[in-house]
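Below is one structure, written out as structure tokens, with a few remarks after it.
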Amino acid sequence: MKQSPKKEWISWLKSILMAFIIVLICRNFLFSPVLVKGISMEPTFEDQNRVVISKISEIEAFDLIVFDSPISSDQHIKRVIGLPGDEIEIKEDILTINGTPYSEPYLEQNKEKLLFGEPLTGDFYLKVPEKSLFVLGDNRRKSMDSREYGVISEEAVLGEVKARIYPFGEIDWFQ
């Protein structure tokens, strides 16, 4: 038996409405696309890259996150260097967290552009306050980050970057 055109139209409308509701729920509570603006994360991300963030991830050191800027209405993408309570020190471009030195292989391409003996990141020491994160851009010389505006609130975090989805030739998944 054939459905009437009115019933078929209602069936299609219900399906489209349900799909729309599912997309809204996913985008608001699970994951969301974000446009990268600026050069502060080069070479990891370039201006106009598009990434997908997970809104349910637990943030850890060295994660790439998107957060509401503490100094403007923009969203920033940076790398988490310090978690609440961490003691962060950078001396002669060597990152130390709680007394343990860490390598930062994502900085090598930017270090190659420096003159001999020129530092990429200035020396500093900081203890990260509770409910805060210390973030830095990978393009340390051209990044507005926690060195400029201080630590960010954990509540400002929108999500962790899970994938680059554009440009298509550079699609990549992050842990």
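Every read-out reported here was derived from the displayed coordinates using simple, explicitly stated rules and does not represent laboratory data. Just so we're clear, the structure is a prediction, and the values are computed from it rather than from any experiment. Don't worry about glycine lacking a Cβ; one is built from the backbone with ideal geometry, like all the others, and counts go over all protein chains shown.
Per-structure values
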| read-out | value |
| --- | --- |
| Where labels lie 7 Å past Cα in the beta-carbon direction, separation of W9 and K131 in nm | 5.4 |
| Whole-Å distance, taken between Cα centres, linking the stretch 125-146 and the stretch 16-68 | 20 |
| Distance in nm between pseudo-label sites at D123 and I71 (7 Å out along the Cβ direction from Cα) | 2.4 |
| In sequence order, calculated HN-Hα J values of the stretch 7-18 (Karplus, 6.51, -1.76, 1.60; Hz; x Gly/Pro) | 5, 5, 4, 5, 4, 5, 4, 4, 5, 5, 4, 5 |
| Amide N of the stretch 121-138 lying under 17 Å from the label point, which is placed 7 angstrom from the Cα of I59 along Cα→Cβ | 127-138 |
| Residues in the stretch 107-136 that a label on D93 would reach, taking backbone N under 19 Å of a point 7 Å out along Cα→Cβ | 107-125, 136 |
| Karplus-derived HN-Hα couplings along the stretch 135-140 (A = 6.51, B = -1.76, C = 1.60, θ = phi - 60°), whole Hz, x at Gly and Pro | 10, 9, x, 6, 8, 3 |
